[in-house]
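Participant: So that we are looking at the same thing, I have put the structure below in structure tokens.
The values are calculated or read from the model by the stated rules, or taken from the named source; none is laboratory data. Nothing here was measured: the structure is a model prediction, and the numbers come from that model. Positions of Cβ are backbone-derived with ideal geometry, glycine not excepted, and every protein chain shown enters the neighbour counts. Surface areas here come from the heavy atoms of the whole protein model, side chains and all, with no ligands, DNA or RNA. Shrake-Rupley method; radii C 1.70, N 1.55, O 1.52, S 1.80 Å.
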Amino acid sequence: MSRPLTGLSAWLVQRLSAIYMALFTIAAVVLFTVTPIDDYGDWQALWGRPVVSAATALFFVALLLHSWVGIRDVILDYVGWSTGLRLTLLALVGAWLLILGFWILEILLTVVSPWN
Amino acid sequence: MQFRIYRYNPETDREPYMQSYTLDRVENGMMLRDALLVIKAEQDSTLTFRHSCGEGVCGSDGMNINGTNKLACTTRLSELKEPVEVRPLPGQPVIRDLVVDLTQFFRHYRAVRPYLTAKSPEPEVERLQTPEEREQLDGLYECILCACCSTACPSYWWNPEKFRGPAALLQSARFLADSRDEDTDRRLDELEGPYKLFRCHTIQNCTSVCPKGLNPSRAIGDIRKLMLRRNL
């Protein structure tokens, strides 16, 4: 995960993901304001719309990438004195974000699933 | 006027300490460098610091004055709060008192190859620039390598061996901006990766302390823009 996402690409991904998350947050607030949600059916219908679920999936991809670059930056800054500890922390953070990614995917698939 | 000055002689002192001095005769317009010279001449000849031109051109007397990196020769005593605390530039190995070892700082400077590289055949006349092309170097060429910026940069404190630091990156920007230089791709390639350029988090300590009023933070941003344009 760290090899291709380094230097300029990491810097760019962090900025683009921040812009996307800001725009998504504004759009989500507007959507929740204008769309009346009275029960779980309405809620499920909202997330079942392909545009909403795809945009939400992309939001979480952006969030995970943004988190990875940000936490990686903190580790590179503050754990420069120990290569072993730095790599261990990077691996743990990477693994944790991957687990979160699969968990989010599972939730999103459950919501949009026609059998639910 | 009261001074507290960092003292450390690795040959005799187990650890650094702050020594107090009092200067009774403070003249109008006196700079900190002048005060240090009087203290050295009249009170303590062992006090050690670098200085040379005395007018903010050579960059020798960069030091931490009341918590901010400045040049002693361009810092008026009248603008300093007492007691004036004078320490060496932060984060660097101390050779003695206010003299620090800047080997690493100059290693980074050399690493950005601070000279013009042209591959095209040498013309019969000089490699000329238009006034507009020359203007691109303003705000970059004036750096005197005093190290005030790099040693004020937290990213440089955290990764002094890998992060080039604002001074070296400003020099890199200066040659990237030069219309006569023909080595842009290699210069940008050399700055890729997580450390050399991208440890900069735009904290801007460099810009706030530069005694020449330069803006290394903007220069680093310009390098990023060049990289981006090249990759898009």
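Participant: Given the conditions (1) open to solvent by less than 50 Å² (accessible area, probe 1.4 Å); (2) away from every other protein chain (no Cβ under 14 Å); (3) of a type in the set (G, A, S); (4) within 30 Å of B:D189 (Cα to Cα), report the number of the one that A:G41 does not fulfil.
Facilitator: With (1) open to solvent by less than 50 Å² (accessible area, probe 1.4 Å); (2) away from every other protein chain (no Cβ under 14 Å); (3) of a type in the set (G, A, S); (4) within 30 Å of B:D189 (Cα to Cα) applied to A:G41, the lone miss is (4).
Participant: Do you know which residues across the stretch A:44-81 are outside any helix (DSSP H, G or I) and more than 10 Å from chain B (Cβ to nearest Cβ)?
Facilitator: The answer is A:R49, and nothing else.
Participant: Could you pull out the residue among B:K212, B:K225 that is among the charged types (D, E, K, R) and under 17 Å from the mean Cα position of the chain (by Cα)? Let's see the steps before the verdict.
Facilitator: Working: B:K225 fails: under 17 Å from the mean Cα position of the chain (by Cα).
Only one candidate qualifies: B:K212.
Participant: Residue by residue through the stretch B:164-195, note down the ones that are open to solvent by less than 40 Å² (accessible area, probe 1.4 Å), within 23 Å of B:P154 (Cβ to Cβ) and among the charged types (D, E, K, R).
Facilitator: Within the stretch B:164-195, the first condition is being open to solvent by less than 40 Å² (accessible area, probe 1.4 Å), and the residues that meet it are B:164-178, B:181, B:183, B:187-188, B:191, B:193-195.
With within 23 Å of B:P154 (Cβ to Cβ) added as a condition, the list becomes B:164-173, B:191, B:193-195.
Across the stretch B:164-195, the qualifying residue is only B:R164.
Participant: Continuing with the same structure: Scan A:W47, A:W68 and give me the residue that is crowded, with 16+ Cβ neighbours inside 10 Å and not small (G, A, S).
Facilitator: After ruling out the rest, the residue left standing is A:W68.
Participant: Return yes or no: is B:E79 within 26 Å of B:E142 (Cα to Cα), open to solvent by 20 Å² or more (accessible area, probe 1.4 Å) and free of Cβ contacts under 8 Å to residues at least 12 places away in the same chain?
Facilitator: Details: within 26 Å of B:E142 (Cα to Cα): yes; open to solvent by 20 Å² or more (accessible area, probe 1.4 Å): yes; free of Cβ contacts under 8 Å to residues at least 12 places away in the same chain: yes.
So B:E79 fits the description; yes.
Participant: Is there a residue being open to solvent by 40 Å² or more (accessible area, probe 1.4 Å), among the aromatic types (F, W, Y) and either within 30 Å of B:Y156 (Cα to Cα) or within 14 Å of another protein chain (Cβ to nearest Cβ) (or both) anywhere in the stretch A:99-111?
Facilitator: So far as the stretch A:99-111 goes, no, none of its residues is open to solvent by 40 Å² or more (accessible area, probe 1.4 Å), among the aromatic types (F, W, Y) and either within 30 Å of B:Y156 (Cα to Cα) or within 14 Å of another protein chain (Cβ to nearest Cβ) (or both).
Participant: Also, quick follow-up: Hey, does the stretch B:35-42 have a residue that's open to solvent by less than 70 Å² (accessible area, probe 1.4 Å), free of Cβ contacts under 8 Å to residues at least 40 places away in the same chain and touching a strand residue (DSSP E or B) at 6+ places or on another chain (Cβ under 7 Å)?
Facilitator: Within the stretch B:35-42, one or more residues are open to solvent by less than 70 Å² (accessible area, probe 1.4 Å), free of Cβ contacts under 8 Å to residues at least 40 places away in the same chain and touching a strand residue (DSSP E or B) at 6+ places or on another chain (Cβ under 7 Å).
For every residue, the table says whether it meets (1) of a type outside the set (D, E, K, R); (2) within 14 Å of chain A (Cβ to nearest Cβ).
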{"position": "B:L128", "(1), (2)": "yes, no"}
{"position": "B:R134", "(1), (2)": "no, no"}
{"position": "B:C153", "(1), (2)": "yes, yes"}
{"position": "B:L170", "(1), (2)": "yes, no"}
{"position": "B:A173", "(1), (2)": "yes, no"}
{"position": "B:L176", "(1), (2)": "yes, no"}
{"position": "B:L188", "(1), (2)": "yes, yes"}
{"position": "B:K196", "(1), (2)": "no, yes"}
{"position": "B:H201", "(1), (2)": "yes, yes"}
